[in-house]
Structures are given as C-alpha cells and as structure tokens.
Amino acid sequence: MKKIATIIAAAITALMLVSCSESGVVYEPQTNKLPSNGNSWTVLVYMCASDAEAENGAYSDKLRQLMSVDYPENITVAVQTGGSGNWRIKGMYSDYMQRFEVGKDSLYLADQSVSADMGNYRTLSDFIGWGMTNYSSDKYMLILAGTGGNCIDGMGYDGIHDGNSLNLEEISYAMSLASRKFDIVGIDASLMGSLETASALSTYADYLVAPQAVQSEDSWNYKDFMQYLCGNPSVSDEDICREICDTYYESCLANKTASGVAMSAVDMSKISALNQAFDGMAGDMLITTNSLQELAAVSKIMDTVHVYGGATAEEGYSNLIDLGDTAVKLQGQLGATADMLIEALNDAVVYRVCGENENHATGLSVYYPIEAENDALQQYMEVVTSGKYKEFLRKICINCSVDDPSGSENYTESWAWNTYNEDMQTLEYNSILDANSYELNIYGNMDMFKKVSMNVYKADRDGGYVFVGNYDRIDSDWDGGIFKDAFDGKLIKLCGKTVSPSLVRSYDEYELYSIPVLLNGIRSNIRVSRDKVTNKYTVIGAWRGLDENGAAQGGIKKVSFFDRITPVFSVYDEAHNKTEYKTGKLSVKLTGGAAEKTADNGSYIFEYELTDIYGMKRRGTPVSARFNSGEIYFD
C-alpha cells in the first residue's frame with residue numbers, strides 16, 4: 001500500500017510540474033527580460049482568431065511560438081486577442097478582449113475589457129494607440145493575423161461578432177490615426193498581398209509583407225523571425241521583411257507544403273509610381289474594348305494569367321490574378337505600358353518567395369473578375385485607384401450594373417460589345433453526330449469566343465446527369481469553326497475512383513485542377529496538378545475554399561494516407577439546372593494518387609461548352625455515349 005501511495009504522490013508531483021511549466025497567462029508585470037542590444041522595437045500583433053482557433057488551435061500555436069523566444073529589454077511584443085469562442089491557452093477567455101505583453105513561456109496580461117468586435121476599425125485603432133502609448137520605441141511593426149479574404153472583403157472575420165471583417169478602408173483609417181508611421185506592416189492572412197492592399201496602406205507604413213496565395217496550415221514562423229529580430233534589431237527593415245518571408249517558406253518546406261507559397265516584401269515608397277504604371281497599362285487595356293478582335297485577344301490571354309485563391313464554382317471565386325504575370329503576357333498586345341508596369345513592379349517588390357506551383361508569382365496580385373458578381377464589383381469601384389481600370393472592368397462585365405460617380409462608361413458604350421451584339425444575332429452552332437464522332441460546327445464570328453471544351457456526365461439511375469469533368473481533348477479548327485472530339489476514353493481519377501475535376505487554369509508548364517470531396521467528413525477541395533511534359537499528376541493538398549463571406553476557410557493542408565476521401569458530385573437535370581450534390585458511395589485512402597484512368601463502364605452524356613469573351617457560356621446539343629472496356633460508342 002505504501003508503494004502505491006508513493007507512486008500516486010510522484011504522479012501528482014509530475015502533473016504539478018507539467019502544469020506549472022505550461023505556457024499560459026501571468027497576472028503580473030514582466031520583469032525578467034534580457035539586456036538591450038540595439039534599436040528598440042515594438043511589435044503589435046492584432047490577432048483575430050475566427051473559427052480556426054476553435055477548430056484546431058491555430059492561433060494558440062502562433063502565441064506559443066511567440067512565447068518560445070527570450071526577449072531583450074529593447075524588444076516588446078504586445079498582442080491583442082479576440083474573434084474566437086474557444087482559446088486553447090490557460091487563462092485566455094473569449095468573453096474578454098485581452099492584451100498581453102509576450103515573454104518567455106508566458107503571456108503577461110496588460111489590459112482586459114469586454115469583448116469587442118475585431119472587425120471594427122475602432123478596435124484596431126484603439127489597440128494601436130494603446131500599444132504606441134505604453135510601449136514607446138525607435139521602430140514599430142504591426143502584424144494583422146487572421147483569416148484572409150481579398151481586397152474587397154479584407155481580413156479578420158470575427159467569429160463571435162457575425163464574421164465581421166476589416167476591409168482595406170477600415171485598416172487604412174485605423175493606421176492613419178496612429179501617432180506615427182509604422183516601419184513594417186505584416187499581414188498574416190491568405191490572399192492579402194495585392195496592389196490594392198499596398199495602395200491603401202502605403203501612406204502609413206514603409207514596408208508591407210503579405211501573401212498573395214492561400215497560406216498553408218503552417219503558421220508564419222514567428223519563433224524564428226522573432227529570434228532574428230531579437231538578435232539583429234539594428235538591421236534594415238528590408239532585411240527583417242526578408243527574414244519573415246524566408247522563415248515562413250522554410251517551415252513550409254520542412255512540412256512539404258511549400259509548393260503553394262507566394263509571399264513578398266514591398267517597398268511602400270514605390271507604390272505611387274507602380275499605380276501610375278498600372279493606370280497606363282489599364283488605359284491600353286481599355287482601348288482594346290473598341291475592337292472585338294483586340295478584346296478577344298486580351299480575353300484569351302487573361303484566361304492564362306496566374307490566379308490565386310478560389311477559381312471554381314465549388315471553391316468560390318477570389319477573383320485575384322498575378323499583376324506581373326498579367327503584364328508579361330499582355331506585352332505582345334500592349335507593348336510599352338506593360339513593360340513600364342513590369343519595371344515599376346520589380347522596383348516595388350524588394351523580395352519574394354514562391355513554391356513550384358506559384359512560380360509565376362511576381363509579388364502582388366490584382367483584382368480581376370473571373371466570375372463577375374454585381375455587389376463585389378460595385379464595392380471594387382470604391383477600392384480601385386485606376387480610373388482607366390475601373391472603366392475597363394465596367395466594359396467587360398456585361399452582366400453587372402454598377403454605379404460610378406466618376407462617370408466612367410459601361411459596356412454599352414464599347415465598340416467591341418456593339419459588334420458582338422450584332423454578330424450574335426446571326427450566330428449558329430450545331431452539334432453533329434457522324435458515325436462514332438461527335439462534332440461541333442460554329443457559323444459566325446469566331447472572335448466572339450475564347451474557349452470550346454467538353455462537359456462529361458455519367459447517367460444517374462434517377463434520371464439526372466452526374467458531372468465528372470470538363471475536358472479540352474478536342475481537335476480544334478478555330479478559323480473554320482469546326483471542333484471534333486478527341487476523347488481517349490480516360491478520365492481523371494483520384495485513388496482509382498471517378499471524381500468531378502474542374503480545371504482551375506492551364507499554364508505553359510502545367511494544368512491545375514480542383515476536385516470537390518469530403519475530407520474526413522468535411523467539405524473540401526483537393527488541388528491536383530498535371531505536368532504537361534510528363535503527364536504526371538500530383539496531389540498538392542486540400543482546402544475548404546471560400547465561405548459565404550468570401551473568406552478563405554483555412555489553408556492548404558497535406559492529404560495523407562490516413563485521411564478519408566469521399567468524392568462529391570454535382571447532379572444536373574436535362575435543362576442543366578443543378579439539382580443536388582451527391583457523394584460517392586465509398587470513402588477511400590490516398591493510394592495511387594491522381595491519374596488518368598479508363599472510364600468506368602456505363603452510360604455517359606457529352607456536350608460541347610462554348611465560352612465567349614464576356615464569360616457567357618453556351619452548350620451544344622448533348623449526346624449519349626457508352627463506355628465499354630475503354631472504348632467509347634456514341635448512340
């Protein structure tokens with residue numbers, strides 16, 4: 001009995017030691033900092049945790065990284081937390097807005113008040129004012145950490161205040177109320193590294209660090225870049241920005257999630273010149289709307305520009321493209337103004353890191369309506385700095401009706417639209433089934449169209465059509481308007497199972513697909529790339545896409561053998577109305593990855609899909625077909 005009691009006592013002592021050493025909140029001032037060693041820095045971290053904290057403790061992990069550093073007297077890190085209903089660090093409460101000074105293994109509570117909306121500019125402004133008043137220093141850095149959206153919706157998305165976010169106008173105004181300019185502003189939120197972000201904040205910070213892409217589940221590497229700052233407080237701001245980028249990339253590299261990284265450091269003093277160059281290029285883009293042929297050429301090029309974030313109906317649309325890649329690909333059409341933008345962009349972006357799937361990343365994104373939506377475009381009219389780009393967008397978004405107090409013209413004043421409208425009156429297109437060949441003939445001005453592809457459906461027992469992919473395996477004669485199927489009987493499959501891939505983009509080197517699935521029971525999208533040289537498919541990772549507010553739901557996560565994958569399909573009726581989502585009968589493990597495999601035997605539906613230069617879609621007459629042992633037979 002004595003031996004058992006001794007063991008129990010030892011166990012209790014061990015538990016006490018663990019709980020005492022665990023990082024947590026301390027309700028007294030910090031007194032154990034290291035001696036000063038150079039310039040003084042105050043780093044203000046505004047942390048709106050949203051749903052990610054409740055789901056996986058992502059923001060508590062960020063705080064633990066910050067607490068893993070020994071800070072000298074000249075480095076102060078102050079954090080304001082909010083936006084989550086469930087924090088995973090002892091002593092942190094969602095009922096309060098809490099402010100902490102960060103120390104080694106501890107958060108020292110410095111201020112506490114009733115819960116406040118982290119998506120309100122006043123909350124951010126109050127935190128900035130409080131931090132600058134209480135922690136005077138030579139240099140200041142502001143880090144905004146939260147869920148990212150885009151240049152319209154902003155970031156933050158407070159999970160306990162109706163998902164309210166901070167848009168660029170609100171962030172800009174809050175920073176404008178600060179007693180001095182920030183040396184660095186960092187945005188630890190997906191998709192926020194845009195020209196619009198830099199333009200909005202350029203007056204209030206010397207440098208911007210932000211990601212263009214959806215961030216992986218790996219956090220910014222707060223531990224390593226804070227250790228660098230503590231050891232090198234007198235280096236240049238640019239060097240610190242580089243370290244933020246490098247440490248993030250290195251952590252993603254170690255966790256094999258680096259392929260989707262795109263992050264940059266921007267010299268904000270160069271943004272005015274970059275905006276002037278962008279307005280010049282936008283002016284030449286606007287001129288192309290006076291000619292259907294010229295606009296058609298630009299529209300086709302824009303479909304090849306590198307995209308960020310959601311870009312399919314299942315993922316949602318972030319409507320962000322790479323600014324530099326746009327200029328590079330438009331050089332042949334626009335000439336000098338595209339060259340000037342590239343020069344100005346290279347001058348502004350002082351450093352960038354990018355993975356192999358983001359190798360077209362040049363440092364900043366820009367809004368472009370891949371899928372135009374009226375309310376979003378109206379909001380963008382208030383964000384965009386270029387009047388010429390504003391008018392260009394109004395002239396290509398024919399399904400949107402937005403107001404512009406500056407008086408820019410819309411598509412009805414465009415010669416390209418008027419020509420299109422006239423030629424569309426005489427357009428004819430016919431689907432022809434000849435022997436075992438499915439053909440589409442278009443009679444009319446081919447400049448009206450930018451893409452012809454093939455939708456493939458599998459016949460459902462309930463009379464619906466289950467979408468199993470859109471393919472461009474077509475022999476195309478654009479001059480003659482003749483398109484013939486070249487389908488080889490193979491579909492993109494995941495783990496050997498039929499799925500529903502959507503093409504995100506086709507680049508020079510590879511194609512990028514998105515496949516809707518349930519990943520461990522949660523609605524997600526698996527990103528897959530196909531190397532155009534080797535025809536090898538690679539599973540990049542999974543992400544949940546955008547929510548109803550346009551926020552990126554989490555980051556790109558690795559898909560492992562232990563994950564359960566259930567395909568998700570869209571079901572259409574004969575009028576092409578989506579009637580339901582249908583899940584596959586089996587959940588599978590990630591064995592065999594993604595590859596082109598012979599289609600399952602059964603009945604299928606094929607139809608041509610025509611996309612015009614304004615994004616409008618038309619469909620040819622669908623035909624029935626049967627697959628049998630890899631052979632296709634049209635009925």
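Normalising the Debye intensity of the stretch 77-212 to I(0), with uniform scatterers on Cα atoms only, and taking log10 at q = 0.21 Å⁻¹ returns -1.39. A cut-off of 5 Å between modelled amide H atoms, ignoring neighbours fewer than 5 places along the same chain, links A110 with R99, F100, E101. Charge dipole of the stretch 104-172 (Cα centre as origin; +1 on each Lys and Arg Cβ, -1 on each Asp and Glu Cβ, all else neutral): 240 debye, rounded to the nearest 20. With K and R counted +1 and D and E -1, the other residues having a Cβ less than 11 Å from that of V383 yield a net charge of -3.
For the stretch 213-314, what is the Kirkwood estimate of the hydrodynamic radius, computed as the reciprocal of the mean inverse distance between distinct Cα atoms, to one decimal in Å? One over the average 1/r among Cα pairs gives 17.2 Å for the stretch 213-314.
Across q = 0.16 Å⁻¹, the stretch 21-99 modelled as identical point scatterers on its alpha-carbon atoms has Debye log10 I(q)/I(0) values of -0.64, in the order of the q list. Remark: the stretch 114-258 carries a charge dipole of roughly 200 debye about the Cα centre, counting +1 on each Lys and Arg Cβ and -1 on each Asp and Glu Cβ.
Only helices enter this figure: runs of n ≥ 4 DSSP H residues, each worth -39500 (n - 2.57), summed and divided by the residues of the chain, yield -8500 deg cm²/dmol at 222 nm to the nearest 500. Counting only residues at least eight positions apart within a chain, or on another chain, the aspartates and glutamates with an alpha carbon under 12 Å from that of K497 are E596, D600. For the residue pairs K329/K458; K458/K617; K558/K617; K223/K532, the alpha carbons lie more than 27 Å apart in K329/K458; K558/K617; K223/K532. With θ taken as phi - 60° and the Karplus curve 6.51 cos²θ - 1.76 cosθ + 1.60 applied, the whole-hertz 3J(HN,Hα) list for the stretch 607-616 is 8, 6, 10, 9, 10, 8, 5, 9, x, 6 Hz, x standing for glycine and proline. Within the same chain, aspartates and glutamates fewer than 8 places from K484 are excluded, and of the rest, those with a Cα less than 15 Å from its Cα are D434, E439, D472, D475, E607, E609. Positive end of the dipole of the stretch 259-325 (Cβ unit charges, origin at the Cα centre): among Y317, V305, A273, the Cα lying farthest that way belongs to A273.
Among Q425, A200, C400, whose Cα projects farthest towards the positive end of the dipole of the chain, with charges put on the beta-carbon of Lys, Arg (+1) and Asp, Glu (-1)? Value computed over the given set: A200. Counting every pair of alpha carbons in the chain, the share spaced more than 49 Å apart comes to 18 percent. If you take every residue apart from V533 with its C-beta less than 14 Å away from the C-beta of V533, what net charge results, scoring Lys and Arg +1 and Asp and Glu -1? Here the charged neighbours net out to -2. Once the Cβ-Cβ distance of I522 and T579 is raised to the sixth power relative to R0 = 25 Å, the FRET efficiency obtained is 0.60.
Hey, if you drop one equal point scatterer on each alpha-carbon of the stretch 376-523 and run the Debye formula without solvent, what base-10 log of I(q)/I(0) do you get at q = 0.12, 0.17 Å⁻¹? Each listed q corresponds, in turn, to -0.82, -1.13. Ligands, DNA and RNA left out, the 1.4 Å accessible surface of the chain is 46% carbon and sulfur atoms. Taking 0.36 nm per residue of separation and subtracting the current Cα-Cα distance, fully stretching the chain between R626 and S560 would add 20.3 nm. For the stretch 468-512, applying the loop criterion from DSSP together with a ceiling of 15 other beta carbons within 10 Å to the chymotrypsin sites (Phe, Trp or Tyr not before Pro) yields W478.
So, R0 is 56 Å and r is the distance between the beta-carbons of F634 and Y93; what FRET efficiency does that work out to, to 0.05? Once rounded, the FRET efficiency stands at 0.30.
With protein chains left intact and a 1.4 Å probe, residues in the stretch 523-635 average 50 Å² of accessible area per residue.
What the stretch 406-473 shows is 49 Å² of accessible area per residue, with the surface traced by a 1.4 Å probe over protein heavy atoms. Sites listed here are trypsin sites (Lys or Arg not before Pro) in the stretch 173-278 whose DSSP assignment is loop and whose Cβ has at most 12 other Cβ atoms within 10 Å: R180, K256. The N418 and T598 beta-carbon pair, evaluated with R₀ = 60 Å, returns a calculated FRET efficiency of approximately 0.80. For the stretch 214-351, the solvent-accessible area with a 1.4 angstrom probe is 34 square angstrom per residue.
The values are calculated or read from the model by the stated rules, or taken from the named source; none is laboratory data. What you are looking at is a predicted structure, and each value in this text was computed from that prediction instead of being measured. Please note: Cβ atoms are built from the backbone with ideal geometry, for glycine as well, and neighbour counts cover all protein chains shown. Note: areas computed on protein heavy atoms with side chains; ligands, DNA, RNA excluded. Shrake-Rupley method; radii C 1.70, N 1.55, O 1.52, S 1.80 Å.
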